[in-house]
Amino acid sequence: MKRSAKAKHVVKIIRRILTVAVVAAFALWIASATAVLVWSSRDEARPVQAIVVLGAAQYAGKPSPVLRARLDHALDLWNRHLASLLILTGGTGAGDTTSEAAVGRNYARKHGVPDSAILVENEGRTTSESMHAVAGMLEVRGLQTALLVSDPFHMLRLRILARRFGFTPYTSPTQTSPISPNREERWKYIFSESLKAPLAFFFERKL
């Protein structure tokens, strides 16, 4: 009987611990999702040392609608003379013959950005890898501030990663992405980012 009582007591403790853990995890997710939404609508465009465009899919050397929306927004910031350097990111996908960054560079050149003002980061296959490489590119040039351009849902994690990797970020989301008007797609990405952002904050290694 004594063993049975002790076992029941242990089970109760475990259940309480699990309940607290579940409630804490849910509260963290709610906070993260809220932060993703807040940063998705915040545009911090201002003079900086570099504009950084996060890569997206390209098709046979042409930017996808998502990548084109990011590039167009970056070009608008460039034409407003908010930076003298444009950094384009994105590696080569499976089966591709060119990188997202290279496609972005060609697009930017066609729209008036001189090649001397463009840097490409074409090795990163993930957001974290690209941001890590960008941080190194900025560091070797003695640069510290950057405007990060991507889709709205991406802004919070980019901000977290930039700070983890040692440079000062300002976010400027594109307002013309084909993802934003699609409610189902938008919420899918928001949900995904609400999980990835805390992971970046707690577990992403620093430079």
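Just so it is clear, none of the values below were taken in a lab; they were calculated from the coordinates. Just so we're clear, the structure is a prediction, and the values are computed from it rather than from any experiment.
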Can you tell me the 0 to 90 degree angle between the C-alpha axis of helix 2-40 and the longest principal axis of the chain, rounded to 10? 20
Give the relative contact order (percent, whole number) for segment 62-133; include only Cα pairs under 8 Å separated by 6+ residues. 34
So how tilted is helix 65-79 from the main axis of the chain? Cα-based, degrees 0 to 90, rounded to 10. 60
State the number of lysine pairs found in the chain whose Cα atoms come within less than 26 Å, restricting to pairs 8 or more positions apart or on distinct chains. 5
Treating each Cα of the chain as an identical point scatterer and ignoring solvent, apply the Debye formula and state log10 I(q)/I(0) at q = 0.14 Å⁻¹. -0.80
Report, in deg cm²/dmol and to the nearest 500, the calculated mean residue ellipticity at 222 nm for the chain, where each DSSP H run with n ≥ 4 adds -39500 (n - 2.57) and the sum is divided by the residue count. -18000 deg cm²/dmol
